[in-house]
1. List the number of the failed condition for Arg103; all other conditions in (1) in contact with a Ser or Thr (Cβ under 8 Å, 6 or more places away or on another chain); (2) among the basic types (Lys, Arg); (3) surrounded by 18 or more Cβ atoms within 10 Å (Cβ to Cβ) hold.
2. Restricted to the range 167-206, and to residues that are out of contact with any Leu (no Cβ under 8 Å at 6 or more places or on another chain) and more than 24 Å from Pro128 (Cβ to Cβ), which residue is surrounded by the most Cβ atoms within 10 Å (Cβ to Cβ)?
3. Report, ordered by the first and then the second residue, all pairs with beta carbons closer than 9 Å, sequence separation of six or more or different chains, a first member in the range 342-362 that is within 17 Å of Arg262 (Cβ to Cβ), and a second member that is at pLDDT below 95 and not in a strand (DSSP E or B).
4. Against the definition (over 26 Å from Ile398 (Cα atoms), over 25 Å from the mean Cα position of the chain (by Cα) and in contact (Cβ under 8 Å) with a residue 24 or more places away in the chain), how does Pro285 come out, yes or no?
5. Residue under question is Val91, and the condition is that it be touching a Pro at 6+ places or on another chain (Cβ under 7 Å) and more than 20 Å from Ala169 (Cα to Cα); does it hold?
6. Scanning for something under 30 Å from Pro150 (Cβ atoms), modelled with pLDDT of 95 or more and not in a strand (DSSP E or B), does the range 27-44 turn up at least one residue?
7. Which of the residues that make up the range 189-198 are more than 17 Å from Leu222 (Cα to Cα) and in a loop (DSSP other than H, G, I, E, B)?
8. Against the conditions (1) of a type outside the set (Gly, Ala, Ser); (2) modelled with pLDDT under 95; (3) assigned to a helix (DSSP H, G or I), where does Pro404 fall short? Just the number, please.
Amino acid sequence: MDVDLEVVVTPGLGDNSYLIASDGEAALVDPQRDVGRLLSLADARGASVRSILETHVHNDYVSGAFDASRATGAEIVAPADGNYAFPYRGVKEGDEIRVGALRLVAMETPGHTPEHTCYLLYDATDVPIGVFTGGSLMVGGAGRTDLLGPELTEQLTRFQYRTLRRLSALPDGVEVLPTHGQGSFCGTGSGPKERTSTLREERGRNAALSAPDEESFIGQQLSGLLAYPTYYWNMAPINRAGPRPMSEISAPAALGPEEVQRRIDAGAWVVDARNRKEFALAHLPRSINIEVGNQFASYVGWIVTFNDPLVLVLPDPEAARLGEAATQLARIGYERVEGYLRGGIRAWEGAGLEVRSFGTADIDDLCAAQAGGTPPRVLDVRQEKEWDAGHIPGSRHIFVGDLPERVGEVPSGDDELWVACASGQRASIAASILDREGVAVRSVVSGGVADWLRDCADPASA
């Protein structure tokens, strides 16, 4: 496709945002809240942002459309049935948006959400060259239809089937430009790593396009879905109302140990973003370990109650990791980051305040412990779909995202509870939740259940 198009990926949320430019004008499609990335790309091209397009009311992140419009004066273009509370141009089937020599034409595509709208991209011809598909057709899959509650799920799934049939009828060479991709819980599966595709490629590999009939599609679309973060429930109301500007979010303050303790006593969460092994060796009482990385915000959004105050403990270098963590949290609407512990755990220990720890292991240690006599208790904190695919005999299953509400189901005892997942990250999150409640734990920080099944399972029991 010979068009000036830039894809900006937010890996942790699994989403794409787009800049499209022509003849000194630009449009943004489904921008993330930290919209400066896209505005810089427009500036580098000498292009003025004229339009900001939304495909649907987003459930997985705070939209950057409002911030981009404030910064540029550009018009927000969104589905007419989106019920936004701020000025925007509501579009319906066939409405056009001009970007220099290009045209974007609205195509009503309900399914992922009721108001969902795709945008067909045209150059000088009457044949589309691309389509911004939002959460309808994805690379290797389709947007899920259960995010708005069970009362709407079947109807939206039927809408999605019909939407995908319409999209599948587009010409082979049309570029598929989805918002959701690999890593997004808005999709029905993990999907391939490619961020964009073509209709030809999707017709050849996408199971969502190959279901023989509507009933088969419904069964396929709604089976084996992953749990999604609890913060999702807060995104649509924020996006409809219009989020406050990023510039109004206070930068987290550097706090001394005594001030952090006061915040904890007042009800603040402590999220420790350090490496899981460092956390296990020494951490603040009642803190939660969520390593800063691509999945940081998603797991904070699963564990920490939305809009509760929180304080961070950061790995070195603190300044760089603070910016990364705060940006990720702002993307999902976590604005009450009151500060971070200046000097980290060393400062806390230096102030003579209580430090907790728990044991760690790798998957080979678990194998050895099980072979050495009385097998340890094991809690598997992976998704239910992962558990169903195979698990350690005798282990207990509670998904890490459900654990804060179900921690009372974990039997207490003097013997350690070993916590395992697929790689160690979720095990450490879960171990920190249990440690917060006084449960004796040992976190399997390296290796996971699949490794156990491959290397440790008794062939006779298989």
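1. The failed condition is (1).
2. Result: Gln182.
3. Arg342/Glu318; Gly343/Glu318
4. On the way: over 26 Å from Ile398 (Cα atoms): no; over 25 Å from the mean Cα position of the chain (by Cα): yes; in contact (Cβ under 8 Å) with a residue 24 or more places away in the chain: yes.
Spelling it out, it is not the case that Pro285 is over 26 Å from Ile398 (Cα atoms), over 25 Å from the mean Cα position of the chain (by Cα) and in contact (Cβ under 8 Å) with a residue 24 or more places away in the chain.
5. Numbers: touching a Pro at 6+ places or on another chain (Cβ under 7 Å): yes; more than 20 Å from Ala169 (Cα to Cα): yes.
Yes.
6. Taking every residue of the range 27-44 in turn, at least one turns out to be under 30 Å from Pro150 (Cβ atoms), modelled with pLDDT of 95 or more and not in a strand (DSSP E or B).
7. Step one: filter the range 189-198 for residues more than 17 Å from Leu222 (Cα to Cα), giving 192-198.
Those that are more than 17 Å from Leu222 (Cα to Cα) and in a loop (DSSP other than H, G, I, E, B): Pro192, Lys193, Glu194, Arg195, Thr196.
8. Only one criterion in (1) of a type outside the set (Gly, Ala, Ser); (2) modelled with pLDDT under 95; (3) assigned to a helix (DSSP H, G or I) is unmet by Pro404, namely (2).
The values are calculated or read from the model by the stated rules, or taken from the named source; none is laboratory data. Everything numeric here is computed off the predicted structure, so don't read it as measured data. So basically every Cβ, Gly included, is an ideal-geometry build from the backbone, and we count neighbours across all protein chains shown.
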